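> Shown below is the structure under consideration.
The values are calculated or read from the model by the stated rules, or taken from the named source; none is laboratory data. What you see is a predicted model; the values in this text were computed from it and never measured. Here the Cβ positions follow ideal geometry from the backbone for every residue, glycine too, while neighbour counts run over all protein chains shown. To get the accessible areas, we keep the full protein, side chains included, count just its heavy atoms, and leave off ligands, DNA and RNA. Shrake-Rupley method; radii C 1.70, N 1.55, O 1.52, S 1.80 Å.
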Amino acid sequence: MKIQSLLVVGLLVAVTALPVHAAGDVDSGRAAAATCMGCHGAPGLRNTYPPFRVPKLGGQQAEYLAIALQAYQSGGRNHPTMQAQANTLSNQTIADIATYLSSLAAANDGEKGKGNAAAGEQKAQACIPCHGPGGGKPLTPQYPVLAGQYPDFIAYALTGYKSGSRNNAIMKGLVTALSDADMQDVAAYFASQPSSLSTPTKW
């Protein structure tokens, strides 16, 4: 319990250090997001290598989406296509796109992945202080909703934090001890939870 309390305190300190993002405009974001929809508007579309389904962005938290795009700009996240797209965006355009995508929430019953969702529930307990019960109610707008996200994308993201292709000290510390099987189990658990994440097919 003492370790969990220290973790929560550390997370709250980290949250207060995060930047405040500009307010976005839904209509401007709809127009600016047109190029995003070639991939993110196609349900089940797979990245070629490594293979994972392109994540659901509809209904995701706007501030988290803005932080993610800025991480691609800075090199904190390594994905050539996303880096190329993000590098063309101003901070205001990022805020507009993030606001628009977050407005596209839809019912999502979740699905099971390759892992064991029941085992993943126990292994995911360290994730709950940030991402909330079932991954559906994050502690702050800067953290992503995990509930209902594609399990293969969650596993890909966890692997990235472990390998360093995604640069986040908190996440790296949490996933370092996880095996590939553990990450599949955690991904299966979060993916199986109902949420409002969706792949927008109309915009």
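> Hey, got the dipole for region 49-129? About the Cα centre, +1 on K and R Cβ, -1 on D and E Cβ, debye to the nearest 20?
Details: 6 positive and 5 negative charges, 60 e Å.
Magnitude of the dipole: close to 300 debye.
> Computing the accessible area with a 1.4 Å probe over protein heavy atoms, can you report the carbon and sulfur percentage for the chain?
Working: 6050 of 10290 Å².
Accessible surface attributable to carbon and sulfur in the chain totals 59 percent.
> So, in the chain, how many Lys pairs have Cα atoms under 16 Å apart, if the pair is 8 or more places apart or on different chains?
Pairs that pass both the separation and distance tests number 7.
> Given the rule -39500 (n - 2.57) for each run of at least 4 DSSP H residues, summed and divided by the residues of the chain, what is its mean residue ellipticity at 222 nm, to the nearest 500 deg cm²/dmol?
Details: 11 runs with 101 residues, N = 203.
Rounded to the nearest 500, the figure is -14000 deg cm²/dmol.
> What order, most packed first, do the peptides 127-139, 163-175, 94-106, 59-71 have when packing is the mean number of other Cβ atoms within 10 Å of each residue? Intermediate values should be presented prior to the final figure.
Details: 127-139: 17.9, 163-175: 15.2, 94-106: 23.2, 59-71: 21.5.
Answer by packing, highest mean first, reads 94-106, 59-71, 127-139, 163-175.
> Taking only protein heavy atoms and a 1.4 Å probe, what accessible area per residue, in Å², does the chain have with all protein chains in place?
51
> Where Rh is the Kirkwood radius over the Cα pairs of the chain, the temperature 4 °C and the viscosity 1.567 mPa s, what D in µm²/s does Stokes-Einstein return?
On the way: Rh = 17.1 Å.
Translational D for this selection: 76 µm²/s.
> Still on this structure, I have one more. Quick one: net charge around Tyr156, please, counting Lys, Arg +1 and Asp, Glu -1 for every other residue with C-beta under 13 Å from its C-beta. Can you show the working numbers first?
Numbers: positive: Arg46, Arg53, Arg77, Lys114, Lys162, Arg166; negative: Asp152, Asp180.
Around Tyr156, the surrounding residues sum to +4.
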